[in-house]
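Quick note: the coordinates plus some simple rules give every number you see, no bench work behind them. Note that the structure is predicted; figures quoted are calculated from it, not measured. Quick reminder, even Gly has a Cβ in these numbers, built from the backbone with ideal geometry, and neighbours come from all protein chains shown.
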């Protein structure tokens, strides 16, 4: 049975702008960002619904599609930006590059 892949919510694209590959692990992306109350609520709901499933997102530096597991966001305390309510760390693990559908032989009956 194919695994579900959840698309990163449009509402959280601003949060995703800061995500970068971790220095010590090529398959891990990380960001520490300030979030609004609405973004924090949306992120918590999305993380709960996507738990144990892959999440699809666009790498902001390369514009390439990626999929990975979203780890539970970690609260880091007070936001540095006065217009936000909290600072959080977002991490993705087991990050992989998405292949275009036309490049996947298994979808076209070839093995």
Inter-label distance, nm, simple model (7 Å from Cα along the C-beta direction), residue 45/residue 10
1.5 nm
Report, to the nearest 10°, how far helix 37-50 tilts away from the longest principal axis of the Cα atoms in the chain, using its own Cα long axis and a range of 0 to 90°.
30 degrees
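Based on DSSP H runs of at least 4 residues, each adding -39500 (n - 2.57), what is the mean residue ellipticity at 222 nm of the chain after dividing by all its residues, to the nearest 500 deg cm²/dmol? Present the calculation step by step, with values, prior to reporting the outcome.
Details: 2 runs with 18 residues, N = 111.
It comes out at -4500 deg cm²/dmol, rounded to the nearest 500.
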Once the convex hull of the alpha carbons of the range 5-99 is built, what does its volume come to per residue, in cubic angstrom?
94 Å³
